[in-house]
Amino acid sequence: MNANLRIDGKRLMTHLDSLALIGQTTEGACCRLALTEEDRIGRDLVVGWMRDLGLEISIDPIGNIFGLRKGTENIAPVMTGSHIDTVRTGGRYDGNYGVLGGLEVIRTLNETGTPTRRPIVVGVFTNEEGARFHPDMLGSLVYVGGMSLEQAYASESIDGKGLREELQHIGYLGQAPMPAYTPHAFVELHIEQGPILDIEGIEIGAVSDLQGISWQEVTITGQSNHAGTTPMYLRHDAGYCAAAIGHFLRQIARDMGGSQVATMGAVTLSPNLINVIAARATVTVDLRNTDETLLKAAEQRFADFLLQLAQDEGVEITTRRLARFEPVQFDQNVATLIADTAEKLGHTVLPMTSGAGHDAQMLARICPSAMIFVPSVKGISHNAAEHTEPAHLEAGTNVLLHTLLELTK
Ligand code: HGY
Ligand code: MN
Ligand code: MN
């Protein structure tokens, strides 16, 4: 390994800062929900950078973007990349760092005239966040054949738009074959989005596995009534049921402990007025666990709770599955290569599990995959305050550079 070969950290920061300006909110967050005008502008910027690097660009029917740097041999490429769509309160590094870190690696190889036997591809996957369309990691899931295009096109956004129409509208309904490439290996560079590396004071996470994800939407139909005149025992209060669900989710996580987490992220009440008992409530439920059996147990406990709640409150409760992914083991050889590379570059390393979902978990279905994490200050993410020290961003990208070089041999 030529450890003197290093990326340009300052240049990486300027690209991250430029992309962060697109969809910037008054609170300084990034809001580029998938397939919105802001997402289009971000995509155009990244495609422009790919073009400047002389990459072969392809866009597939789910809007995934790929930039290929030729190798000396026309064989299966090594792929890296991530996503540039964000949640509404996105930080500037979630996803963006993995895409722009990949382009910084290409820039470094180009300017030093470093050839690689295998081609290198940088991918930008559609709707990784799953915040506007469900499920999350939708683009990479379709890419690996985990969901048909027809199913994906039938996905309606939270603002009532069709996925295919939105792709067409922003000009990213591509024609490239899918999968455009079956990679020799896939490595995703990402911020941890949790507190472990920051608390431990460790620079690099070598991610060997990723926890299971269960998303559902719960709709409660009660009866609107007067808030003043209706005795408590006559109420069928969808608002109360929503609150009870939020409370029970916390109880599940508390009782189960371990890696179990539970979140009620979105709540809508109707008619949402101070003096009307809510007729309807829709809530989202996000359950995660590193252990599939425990995740199933959490889902079962929640389903039993809903049956009891419906009976107790005289309401109708229906659920809609939004996403369900089992825990994923990454490729141990690739994870070990990441750890060894980080150590050779003089960085401290920790083997880790990912609490968040990532495109790498889908690529792991078709090729050896693993991830590189860098610390998130105070573990904050999906928040304008998301921050990673530039030195860590640079370190992670150098680890990506040398890991990819090793894999392209
Ligand atoms: O939900 C997740 O874990 C990711 O941010 N899509
Ligand atoms: Mn992400
Ligand atoms: Mn995210």
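The values are calculated or read from the model by the stated rules, or taken from the named source; none is laboratory data. This is a predicted model, so every value here is computed, not measured. Neighbour counts run over all protein chains shown; Cβ positions are idealised from the backbone, glycine included. Just the protein is used for accessible areas: all its heavy atoms, side chains included, with ligands, DNA and RNA removed. Shrake-Rupley method; radii C 1.70, N 1.55, O 1.52, S 1.80 Å.
Here's the picture: charge each Lys and Arg Cβ at +1 and each Asp and Glu Cβ at -1 in region 57-139, and of S58, T108, H83 the one pushed furthest to the positive end of that dipole is T108.
Compute, for region 63-122, the length of the dipole vector about the Cα centre, with Cβ point charges of +1 (Lys, Arg) and -1 (Asp, Glu) only. Units Debye, rounded to 20. Don't skip to the end; give the middle numbers.
Details: 7 positive and 5 negative charges, 17 e Å.
In debye, rounded to 20, region 63-122 gives about 80.
Candidates I317, M13, G357 compared by Cα position along the dipole of the chain: farthest toward the positive end lies M13, with charges placed on Cβ. Taken as Cα centroids, region 1-22 and region 83-139 sit 13 Å apart, rounded to the nearest whole angstrom.
Once the chain from D304 to L5 is taken as fully extended at 0.36 nm per residue, the excess over their C-alpha distance is 101.9 nm. What shape does the chain have by the C-alpha gyration tensor, where a ≥ b ≥ c are the square roots of the eigenvalues, rounded means a/c under 1.5, and otherwise prolate means a/b greater than b/c and oblate the rest? Verdict is prolate for the chain. Gap in Å between the Cα centre of region 347-389 and the Cα centre of region 248-323? Value for the Cα centre distance between the two parts: 27 Å. Remark: accessible surface ordering of L45, L167 (largest first) is L45, L167, probe radius 1.4 Å.
Residues whose amide H comes within less than 5 Å of that of V374, counting only those at least five positions distant or on another chain, are H190, I191, E192, G205 (H built at 1.01 Å from N in the peptide plane). Sequence-ordered 3J(HN,Hα) estimates for region 202-211 from the Karplus curve with 6.51, -1.76 and 1.60 and θ = phi - 60° stand at 10, 7, 10, x, 9, 8, 9, 7, 8, 6 Hz, glycine and proline given as x. Which distance in nm do the two modelled labels at E217 and I41 give, with both placed 7 Å along the Cα-to-Cβ direction? Result: 2.8 nm between the two label points.
Rounded to the nearest 20, the Cβ-based charge dipole of the chain about its Cα centre (Lys and Arg +1, Asp and Glu -1) stands at 340 debye. At a threshold of 8 angstrom on Cα-Cα distance, excluding pairs fewer than six apart, so keeping six or more, what relative contact order does the chain reach in percent? In percent, rounded to a whole number, it is 24.
Quick one: if the Förster radius is 41 Å, what FRET efficiency do Y233 and A297 give, using the C-beta to C-beta distance and rounding to 0.05?
Values: r = 34 Å, r/R0 = 0.82.
Using R0 = 41 Å, I get an efficiency of 0.75.
Restricting attention to the chain, close to 70% of DSSP beta bridges with both partner residues there are antiparallel. For the chain, give the percent of accessible area contributed by carbon and sulfur heavy atoms, probe 1.4 Å, rounded to a whole number. For the chain, the apolar C and S fraction of the accessible surface comes to 51 percent. Annotation note: GluC sites (Glu not before Pro) in region 34-76 located in DSSP loop regions with a Cβ neighbour count of at most 16 within 10 Å are E73. Taking 0.36 nm per residue of sequence separation and removing the Cα-Cα distance, the Q168/T114 pair yields an extension gain of 15.7 nm.
As an exercise, identify the trypsin sites (Lys or Arg not before Pro) in region 296-400 lying in DSSP coil whose Cβ has no more than 10 other Cβ atoms within 10 Å. Could you put the intermediate results ahead of the total?
On the way: sites: K296, R301, R320, R321, R324, K344, R365, K378; in loops: R365.
Nothing satisfies the criteria.
Filter the DSSP H helices in the chain by two things, a Kyte-Doolittle mean of at least 0.0 and an axial alpha-carbon span of 20 angstrom or more, and list the hits by number. Qualifying helices, which must be both long enough and hydrophobic enough, are 96-111, 238-256, 390-407. Take the Cα of A176, step 7 Å toward its Cβ, do the same at L149, and the gap between the two points is 1.4 nm.
Straight Cα distances below 24 angstrom link K378 to the lysines K10, with same-chain residues fewer than 8 positions distant left out. Within the assembled protein chains, the solvent-accessible surface assigned to H134 is about 40 Å², based on a 1.4 Å probe. Partners of K409 within straight-line reach, counting lysines whose Cα lies under 24 Å from its Cα and excluding those fewer than 8 residues away in the same chain: K70, K344.
Suppose R0 equals 35 Å. What FRET efficiency, 1/(1 + (r/R0)^6) with r the Cβ-Cβ distance, do T14 and A76 give to the nearest 0.05?
Working: r = 32 Å, r/R0 = 0.93.
According to the calculation, E is roughly 0.60.
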